[in-house]
Amino acid sequence: IPPSFRFDIRIPADLIEELARLYGYDKLPVQKLSLDADINVIAEATVYKYDIANTLVNRGYQEVITYSFVSEKYQDLIDPTAQKIALSNPISADMSIMRSSLWAGLLQTVESNQRRGHTDAKFFEIGLCFDGVKADQQSNKLAGVITGNRFSAQWSSTTEPLDFFDAKADLESLLTLTGKQFSFEAGEHSALQKGQTAKILLAGVAVGWIGALSPIVQKQLSLSKCYLFEIDLASIQMGQVAKYEAFSSYQQSS
């Protein structure tokens, strides 16, 4: 029975600790930990959705969750070459096609906000897109849209509209989470403006798009100037395992 002033001795492990202390820690036999030869340890680096969302929120974005169903009009404007997956019993005529891109829902959100006088917006969404009905024809994507002015109106400075490089800077801040080298290459997309469109490449493979909304689409939807990006979520989530690099022995100079 431990004395009343030893309130820290309550369970058998506490008593064993006391015996080891009285006997002497330096007298206890030491045995190194070992792993079986059959154990295969694989180093992984995953970028979680929370970190992706938090990065964009810190840059002024708001996350939205839109329906996976879009109107045929939006589908034709954004991705006319995509396979149309029509619902046999749609909720309404505006929700009759399964989306192949997240841009439809984001542009509808911008349109709804602009009708209510909210012209400055930064939205993003993470969701499933459908290129077919089979499991291997479905993929999670991340998309974002920006429109309006870079900063809120104030007396000390003039308002400046957002541009392509604002969207590119936001996307690049996200890509740095992976530790991989992404690149941008000029390209053409049916929903984006020529001369302000780029493919997002990873190891030479196209994984997404970024650019200004096409003036034709912009006019059809009665929207102001918008800049969009979309990228396969898997290309961001599969990060690169960090490696140790020795510090330079030379003093930094500028």
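The values are calculated or read from the model by the stated rules, or taken from the named source; none is laboratory data. From a predicted model like this one, the values you see are computed outputs, not experimental measurements. All Cβ positions, glycine included, derive from the backbone under ideal geometry; neighbour counts span all protein chains shown. These accessible areas exclude ligands, DNA and RNA; they are computed on the full protein's heavy atoms, side chains included. Shrake-Rupley method; radii C 1.70, N 1.55, O 1.52, S 1.80 Å.
Between Val205 and Ala135, what is the label-point separation in nm under the 7 Å Cα-to-beta-carbon projection?
Reported label-point gap for Ala135 and Val205 is 1.9 nm.
Ignoring everything except DSSP H segments at least 4 long, calculate the 222 nm mean residue ellipticity for the chain; use -39,500 (n - 2.57) per segment, divide by total residues, nearest 500. Walk me through the numbers on the way to the answer.
Details: 7 runs with 65 residues, N = 254.
That comes out to -7500 deg cm²/dmol.
So, taking all protein chains as they sit and a 1.4 Å probe, how much accessible area belongs to Lys180, in Å² rounded to tens?
Estimated to the nearest 10 Å², Lys180 gives 60 Å².
Once you place label points 7 Å from the Cα toward the Cβ at Ser222 and Gln240, how far apart are they in nm?
Roughly 4.8 nm, to one decimal.
Rolling a 1.4 angstrom probe over the protein heavy atoms, how many square angstrom per residue are accessible across the stretch 80-205? List each step's numbers first, then the result.
Numbers: 6770 Å² over 126 residues.
With the other protein chains kept in place, the stretch 80-205 gives 54 Å² per residue.
Counting other Cβ atoms within 10 Å, keep those with at most 15, restrict to DSSP loop, and tell me which GluC sites (Glu not before Pro) in the stretch 163-254 are left.
Glu188, Glu245
Excluding residues fewer than 8 places away in the same chain, name every one of the lysines whose C-alpha is closer than 20 Å to that of Lys194.
Lys168, Lys219, Lys225
In square angstrom, rounded to the nearest 10, how much accessible surface does Tyr25 have for a 1.4 Å probe?
For Tyr25, solvent-accessible area is about 130 Å².
To test your reading of the geometry: what angle, between 0 and 90 degrees and rounded to tens, separates the Cα axis of helix 12-23 from the longest principal axis of the chain?
50
Would you count, across the stretch 1-152, every pair of lysines whose alpha carbons are under 21 angstrom apart, provided the pair is eight or more residues apart or spans two chains?
Summing the qualifying lysine pairs gives 6.
Using Cα positions and a limit of under 19 Å, work out the lysines in reach of Lys243, with same-chain residues fewer than 8 apart set aside.
Lys180
Just the number, please: carbon plus sulfur as a percent of the accessible area of the stretch 143-254, 1.4 Å probe, no ligands or DNA/RNA counted.
53
Please give me, ordered by residue number, the chymotrypsin sites (Phe, Trp or Tyr not before Pro) of the stretch 105-191 that lie in loop per DSSP and have at most 11 other Cβ atoms within 10 Å.
Answer by residue number: Trp155.
If R₀ is 35 angstrom, what is the calculated FRET efficiency for the pair Phe247 and Gln31, using the beta carbon separation as r and rounding to 0.05?
0.50
Roughly speaking, what is the stretch gain from Ser88 to Ala13, that is 0.36 nm per residue apart minus the C-alpha to C-alpha distance, in nm to one decimal?
Extra length from Ser88 to Ala13 when fully extended: 20.5 nm.
Going out from 0 in 5 Å bins, what whole percent of all Cα-Cα distances in the chain drops into each bin?
P(r) for the chain, in whole percents per bin: 1, 5, 10, 13, 14, 12, 9, 6, 5, 4, 4, 4, 4, 4, 3, 2, 0, 0.
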